[in-house]
Amino acid sequence: MMRKTLRLFGLMLAIALVAAACSSSSDDTSTTVASGDGETTETTVASGDGETTETTVASGDADMASQVEVFSWWTGGGEAAGLDAMIVVFDAAYPDIEFVNQAVAGGAGTNARAVLASRLQANDPPDSWQGHAGQELIGTYVAADQIEPLNFLYEQEGWLEVMPDTLIPLISKDGNIYSVPVNIHRSNVLWANPTVLADAGITMPTTLDEFYTALDALQAAGMEAPLAMGEQWTTMHLFETIMLASMGTDAWDGLWDGSTAWDGPEVTQGLDDFAKILTYTNADAAALAWQDAGQLVLDGTAAFNIMGDWQEGFFREVGSEPQTGYTWAAVPGTDGNFQFLSDSFVLAKSAPNRDEAIAWLTVAGSLEGQDAFNPVKGSIPARSDGDRSLYGEYLLSAMDDWASDRVTGSLTHGVVANDSWKSEIDTAIGLFLIDGDVAGFQAALAAAAEASG
Ligand code: GAL
């Protein structure tokens, strides 16, 4: 009787937890709550906009099953599939630990990070979460003392031998290493529809001037918006690549260490270029996710899209083929430069399931985990010993470029600025999209650097 009551209570508690999770998080969060002896109830909850929340509740009367709660924003477009591939490796290595996938969709992490922030605020951290190498990690979670150093794991797994020297300082503070990088992404990639270009007699542009000429020709031939863009974070993404193209790498790097003046002529020129580039983009950008913008290129509605190389994960997932469905080059004016970001996973301080989180991080940093994840995700492994035979044409070119190009950091994806500075820049971009005032935009950027830099 007692056992039955406890079981019922456990089930009700689990359902209450799930209901709370559903009401507070975004549309397509999938939640798994496990407790007890392996009996399972599955519930599917459809939310207002047609997206679906799947809930698995395991109830029972034995000890809490061993589990690890991992938080990310990989819910679709090649990204969820990449994570799933790594979960397969995890499940094989740790069959007794349940992987609780707390991915929250949307906005290159904007939505997920809002949910994460409120959980951290409430002292209810997931065991491990996705964070970008660089200032996002150091200036946010390390600064707030929310994550544990992982030097012991680096020593145990020999990771210092295989993780790139460029990356370690970006995930370290005072000799402590704070995360496990799973990949390297490139942000300065121009994706294009080869058929559209061939039909218009256009070759891939290599300079900003060639880019303008190609975009003008496409518009003159009747393509209203030859450069596909999506919601606001993708505008910031476009901004960072065009600024790099316009200013050059020394000046771009100097914006983040104070050696380039935000109110100087290089920034003015960069903003003029950015303003011009925006005239070629679609009017409905704000309503489109990055995958939607990529789809416009696949459909031939647009010729180009500037997006990180996760776009290739999406292209491949929808069955498009390199060189026939899509082609690529460095963003015009940035050849020889690799504007990078790296997704990494952290260990929460006071993680509810610390041992299990360490098991997850061990897989995330392993060769097998990275070689399962990255070919699907559309990124190259953070480790230098990935098996090249598993990667397609684009990713092999990215591996070569990563090894030989000049490496510089992404703004949108956490490398060069901490969260508060980035958010001020985002506000300035939002205003600029409304008023188009370059001088006001530059003044706002200079003020943001003054306040946060
Ligand atoms: C980035 C992240 C990538 C990809 C992208 C779009 O911030 O680093 O892995 O997820 O967002 O979702």
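Only Lys, Arg, Asp and Glu carry charge here, each on its Cβ (+1 for the first two, -1 for the last two); on that basis segment 317-447 has a dipole of about 320 debye about its Cα centre. Each principal axis of the Cα cloud of segment 276-419 was taken in turn, and the coordinate range along them, longest first, works out to 51, 36, 31 Å.
Close amide H partners of Val189, meaning residues 5 or more places away or on another chain with modelled amide H under 5 Å apart, are Met307, Val331. Shown for the chain: the carbon plus sulfur share of the solvent-accessible area, taken with all protein chains present and a 1.4 angstrom probe, equals 52%. Across segment 434-446, coupling constants 3J(HN,Hα) worked out from phi with the 6.51/-1.76/1.60 Karplus curve, θ = phi - 60°, read 8, 9, x, 8, 4, 4, x, 4, 5, 4, 5, 5, 5 Hz, and Gly and Pro carry x.
Can you order the peptides 340-349, 190-199 by their average number of other Cβ atoms within 10 Å per residue, highest first? Can you show the working numbers first?
On the way: 340-349: 25.0, 190-199: 18.5.
With the highest mean Cβ count within 10 Å placed first, the list reads 340-349, 190-199.
Name the shape class, rounded, prolate or oblate, that the alpha-carbon gyration tensor gives for segment 87-197, where a ≥ b ≥ c are the square roots of its eigenvalues, rounded holds for a/c under 1.5, and otherwise prolate holds if a/b is larger than b/c and oblate otherwise. Rounded. Positive-end ranking of Leu367, Ser72, Leu197 along the dipole of the chain, with charges on Cβ about the Cα centre, is headed by Ser72.
Spatially close Lys pairs in the chain, defined by Cα atoms under 26 Å apart and a spacing of eight or more places or different chains, total 5. Sequentially through segment 259-274, phi angles give Karplus couplings (6.51, -1.76, 1.60; θ = phi - 60°) of 8, 10, 7, 5, 9, x, x, 5, 5, 4, 4, x, 5, 4, 5, 4 Hz, Gly and Pro residues having no value and appearing as x.
Given +1 on the Cβ of Lys and Arg, -1 on the Cβ of Asp and Glu, and no further charges, what dipole in debye does the chain carry about its Cα centre, rounded to the nearest 20? Each step should come with its number before you reach the end.
Numbers: 16 positive and 65 negative charges, 130 e Å.
Using only the charged Cβ atoms, the result is roughly 620 debye.
Here the scattering of segment 161-260 is modelled by Debye summation over its C-alpha atoms, one equal scatterer each and no solvent; at q = 0.16, 0.25 Å⁻¹ the log10 of I(q)/I(0) is -0.91, -1.37. Residues in segment 269-372 average 32 Å² of solvent-accessible surface per residue, probe 1.4 Å, ligands and nucleic acids excluded. Beta bridges from DSSP with both residues in the chain: antiparallel share about 55 percent, rounded to the nearest 5. When its C-alpha radius of gyration is set against 2.2 N^0.38 Å (N residues), the chain gives a value of 1.01.
The values are calculated or read from the model by the stated rules, or taken from the named source; none is laboratory data. As the structure is a prediction and not an experimental result, all values here were calculated from the model. All Cβ positions, glycine included, derive from the backbone under ideal geometry; neighbour counts span all protein chains shown. Note: areas computed on protein heavy atoms with side chains; ligands, DNA, RNA excluded. Shrake-Rupley method; radii C 1.70, N 1.55, O 1.52, S 1.80 Å.
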